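Note sheet for the following structure.
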Amino acid sequence: MIQIRAADTGAAVPGTARWRAAHLLDAPHRLLFFAAALLWSAIAVWWAAVMAASPLGWTLPWAVAPAPAHALLMTLGFMPLFIAGFLFTAGPTWLRLAAPSVPSARTLRWPALSIVIGWGVLLPGLHLDARLAVAGLVAVALGWSALSGRFAGLVRISRADDRLHAKGLAIATVVIVLALWLAALALALEHVTLLRVATCLALWGGLASVFALAGHRLTPFFHPSIARRFETGLLGPVLAGLWLRGAADLAALWSWPWPMPLHVLLAVVHGLLGGMLLVTAFDASLARARRAPMVRLLHAGFVWLGVSFVLESLSQAVLAAGRPTGLGLAPLHALSLGFMATTLLAMASRVAAGQHGRTIAIDRTVLLMHVLLQGVTVLRLLVALWPSAPSGLLLSASFGFAALALAWTRRHAAWFGRPRADALS
């Protein structure tokens, strides 16, 4: 586990060196986080523009239906590259590997470039020509196939005693690759349902599983006794619960009717999981640990994971009562924006600061970004739970998300193209 160091309370050394693209190849996280940040900003701004189009009287052409296009980009567009940055930074340490076994940023630059170019081609293709979107997604799938293969190779050659998390993460990356190829096929066939299947596969079997696995391994939120309880008592049920939610989403795509007792059973299972997660999150023995800014951010993400299961439980109960839509997208956004995005913001900021030689990982700027993300999450849940909500709420949420992406990119991308801050002192 990453530990909070005493040095994390010290002062950061400002970087004054000139920004150079060559520094992106100094370490895998620099290259992959930079690429992920660019995509995050581009996708967030694109969606904010889409949300603003109707109020401004714009008529946007669509070659791919907007809803599945949004789901595809928000699921697979930028988070996987952040995950890859973590895997090629922390993964070799977990696996007890060192050079020359560990891939350098130079060996990863072509897959990363293929992914960035692919999404860059896909975005206009969504509006102009589905064939462009297909070509772009094929490039993304090729790039991710290479990255996944490289990480799987590291797991295969490792002789570390504990490879459980690394093996699970390697499997999740393969799921992401399969989802990308399936999405490319769906776009080529103009099959909207198949595209939604690919997105569900990527979300529940790939991204959500990655965050659940990494949550125990990476974060300093759990002290050893809580970590053991999470691993032996909660990690398996949480993963099973996520996959069960994915199965329910897949069933809903074909409008398969589920009998009322099954909805009741799902409500009970998800409610128990949510309750267990929230009890663990607010364990009294962690009160002191939560005073640290990094732990506080990770704690917020973990709470959102519990909330997402509780909302899913309530949604299943509403479905059992005969309301066909349940709680709509509220459980999903509690998971994606609340749990995954909050955890990503904390860990990406922590890794970016630590690898850049800065002694303060979570400063006032990151805390403000965190507050903004929590506000965006709450707004998005309000829209999901309040069908007659003013359209301005959804627009505000999309603009807030875009502002967050741009702010994080502007700040941290500047670091990736400069030498370590402690090398400048």
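When segment 394-425 is filtered for residues that are closer than 20 Å to F82 by Cα and among the hydrophobic types (A, V, I, L, M, F, W, C), the ones remaining, listed by number, are F401, A402, A403, L404, A405, L406, A407, W408, A413, A414, W415, F416. Working carefully through the options L195, L201, L147, find the one that is in a helix (DSSP H, G or I) and open to solvent by 40 Å² or more (accessible area, probe 1.4 Å). None of the others qualify; the one that does is L201.
Taking segment 354-385 as the range and being charged (D, E, K, R), assigned to a helix (DSSP H, G or I) and buried (at least 17 other Cβ atoms within 10 Å of the Cβ) as the test, only R380 passes. Number of residues in segment 258-310 that are surrounded by fewer than 16 Cβ atoms within 10 Å (Cβ to Cβ), at pLDDT below 85 and among the aliphatic types (A, V, I, L, M): the value is 2. There is no residue in segment 387-398 that is of a type in the set (S, T, Y), modelled with pLDDT of 90 or more, in a helix (DSSP H, G or I) and surrounded by fewer than 17 Cβ atoms within 10 Å (Cβ to Cβ).
Contact map, segment 372-392: residues that are among the small types (G, A, S) paired with residues that are not in a helix (DSSP H, G or I), Cβ distance under 6 Å, separation 6+ or inter-chain. Pairs shown: A384/G328; A384/L329.
Within segment 401-418, residues that are aliphatic (A, V, I, L, M) reach partners that are modelled with pLDDT under 95 with beta carbons closer than 7 Å, at six or more positions or on different chains, in the pairs A414/W19. Residue count for segment 360-386, restricted to those that are under 22 Å from A37 (Cα atoms) and either of a type in the set (A, V, I, L, M, F, W, C) or at pLDDT below 95 (or both): 14.
The values are calculated or read from the model by the stated rules, or taken from the named source; none is laboratory data. The model shown is predicted, which means the values in this text are computed figures rather than measured ones. Because the Cβ atoms are built from the backbone with ideal geometry, glycine has one as well, and the counts that use them run over all protein chains shown. Each accessible area value is taken on the protein alone, full model and side chains, heavy atoms only, with ligands, DNA and RNA left out. Shrake-Rupley method; radii C 1.70, N 1.55, O 1.52, S 1.80 Å.
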